Amino acid sequence: MRIAHICLAAFYIDGFGYQENILPRIHRKMGHEVMIVASTETYLDRTRLGYVEPSSYINEDGVPVHRLPYASWIPKRLQAKVRAYKGVERLLEEFRPDLIFVHDVQFWDFLAIRRYVLRRPTPVYADCHTDYVNSARGFVSRHILHGLFYRAILRRVSPIVQRFLPTLPVRGDFLHEVYGLDRAKMELLPFGVDDTQTEGLDREQVRREARAEWGVPDDALLFVTGGKLDLRKNIHTLIDRFSRAKREGELGDAHLLVFGQATPEVQAELDAIDIHEHVHMLGWTPANEIYRAFWAADFALFPGTHSVLWEEAIGHGLGAVFHHWRGMDHLDLGGNARIIQEAAPEALDRLLRELVANDGAEIRRMNSVAAEKGSRVFSFSAIAAKAIA
């Protein structure tokens with residue numbers, strides 16, 4: 001099957017572990033012919049969004065990528081909101097896909113896809129990464145940009161879309177409440193772990209070697225956290241409270257592993273923290289190596305806004321603490337997750353003490369549930385097959 005992945009609603013970043021990277025990779029491994037049509041928006045330094053020149057190239061997974069420029073008829077100050085592009089229909093005509101998979105839905109040229117499909121009937125599936133936390137937070141954004149402009153586009157293209165695939169339950173709410181789309185056409189398509197990249201690996205060997213590399217004893221309790229370290233993730237606060245507790249002789253032999261690159265604002269916060277030697281700052285970690293951090297660890301801590309790493313941690317069989325957000329009930333598979341309501345310093349202090357209490361009994365209980373169910377629910381090999389079924 002020929003599958004066109006359309007990544008025009010936001011950024012597309014080579015080499016990352018987003019769904020836009022993983023689904024095309026696995027679809028190609030499944031034997032399909034794959035093309036990615038993307039914007040020129042990307043990370044310039046792994047934390048700061050910017051733009052590259054339009055181009056066509058083969059990415060690290062062997063998939064052709066076509067980065068398209070914005071249409072010149074849109075004023076420059078509106079281009080990143082309207083998201084009209086040059087060349088969408090031409091690429092579809094040349095590729096002649098058997099399936100069009102749209103990654104998020106907020107872009108003008110969804111109408112170009114509609115025109116193509118009306119000429120050449122083709123199944124269209126569209127996922128959604130947009131919710132009330134990452135979008136529509138101000139009056140203009142909520143009521144004008146999303147409530148009028150994108151809503152009008154979505155109502156126009158909805159008849160040619162076979163399935164809408166929200167990646168979180170709350171994103172299905174967003175599609176229905178903001179755009180007026182029919183819930184009957186929706187099906188959850190969660191994030192997960194790219195299990196195809198770890199096939200054939202010995203988990204215990206990876207654990208031993210990674211801990212030895214990072215200076216973590218084999219028998220130490222190791223917490224893990226990470227991702228894009230911005231202020232809303234609250235990871236800098238976690239590092240501070242963990243370090244303070246360790247200096248006060250609490251938390252026993254526990255260590256904290258942190259991967260990811262900090263934004264300038266978070267780096268300023270980190271520079272002011274007396275980070276304990278049992279906090280291991282890995283810095284930038286390629287997406288295809290993050291599994292080593294999860295396999296080396298005993299438990300995951302995510303005290304801020306949602307990241308695709310939440311589902312990935314569960315998929316690797318780790319129990320975890322997550323911050324409460326609306327529509328995250330799918331993370332709890334029957335006891336693998338603990339949801340916290342706040343990430344204030346005092347709340348994190350209590351959390352850490354409770355987790356290490358009774359020789360980590362709560363951690364062992366949550367891990368047993370995650371190990372039993374996590375890989376079945378949050379495996380990208382299964383998710384990728386479901387995405388095009």
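Here are a few things to note about the model shown:
- Per-region count, the stretch 146-168, residues open to solvent by 10 Å² or more (accessible area, probe 1.4 Å), touching a Pro at 6+ places or on another chain (Cβ under 9 Å) and either part of a helix (DSSP H, G or I) or modelled with pLDDT under 95 (or both): 1
- Taking the listed residues Ile273, Ile290, the one that is closer than 22 Å to Gly249 by Cα, among the β-branched types (Val, Ile, Thr) and either buried (at least 17 other Cβ atoms within 10 Å of the Cβ) or more than 16 Å from the chain's Cα centre (by Cα) (or both) is Ile273, with no other qualifying.
- Any hit, the stretch 22-33, residues being touching a Lys or Arg at 6+ places or on another chain (Cβ under 7 Å), open to solvent by 30 Å² or more (accessible area, probe 1.4 Å) and assigned to a strand (DSSP E or B): yes
- Inspection of the stretch 358-378 finds a residue satisfying the criterion of being open to solvent by 30 Å² or more (accessible area, probe 1.4 Å) and among the β-branched types (Val, Ile, Thr).
Okay, residues lined up against (1) over 24 Å from Gly374 (Cα atoms); (2) surrounded by fewer than 22 Cβ atoms within 10 Å (Cβ to Cβ); (3) under 21 Å from the mean Cα position of the chain (by Cα); (4) without any contact (Cβ under 8 Å) to a residue 60 or more places away in the chain:
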{"residue": "Arg247", "(1), (2), (3), (4)": "yes, yes, no, yes"}
{"residue": "Gly260", "(1), (2), (3), (4)": "no, no, yes, yes"}
{"residue": "Thr285", "(1), (2), (3), (4)": "no, yes, yes, yes"}
{"residue": "Ala297", "(1), (2), (3), (4)": "no, no, yes, no"}
{"residue": "Ala300", "(1), (2), (3), (4)": "no, no, yes, no"}
{"residue": "Pro303", "(1), (2), (3), (4)": "no, yes, yes, no"}
{"residue": "His306", "(1), (2), (3), (4)": "no, no, yes, no"}
{"residue": "Glu312", "(1), (2), (3), (4)": "no, no, yes, no"}
{"residue": "His316", "(1), (2), (3), (4)": "no, no, yes, no"}
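- Single condition Met1 does not satisfy, out of (1) touching a residue at least 60 places away in the same chain (Cβ under 8 Å); (2) open to solvent by less than 40 Å² (accessible area, probe 1.4 Å); (3) aliphatic (A, V, I, L, M): (2)
- Enumeration of residues in the stretch 249-258 that are open to solvent by 30 Å² or more (accessible area, probe 1.4 Å) and in contact with a helix residue (DSSP H, G or I) (Cβ under 7 Å, 6 or more places away or on another chain): Glu250, Gly252
- Residues of the stretch 69-100 that are within 18 Å of Ile144 (Cα to Cα), out of contact with any Leu (no Cβ under 9 Å at 6 or more places or on another chain) and of a type in the set (Lys, Arg): Arg77 alone.
- In the set Ala9, Ala4, only one residue is under 19 Å from Glu89 (Cβ atoms) and assigned to a loop (DSSP other than H, G, I, E, B); that residue is Ala9.
- Verdict on Val266 being at pLDDT 95 or above and open to solvent by less than 10 Å² (accessible area, probe 1.4 Å): yes
The values are calculated or read from the model by the stated rules, or taken from the named source; none is laboratory data. Everything numeric here is computed off the predicted structure, so don't read it as measured data. Neighbour counts run over all protein chains shown; Cβ positions are idealised from the backbone, glycine included. SASA here: full protein model, heavy atoms, side chains in, ligands and nucleic acids out. Shrake-Rupley method; radii C 1.70, N 1.55, O 1.52, S 1.80 Å.
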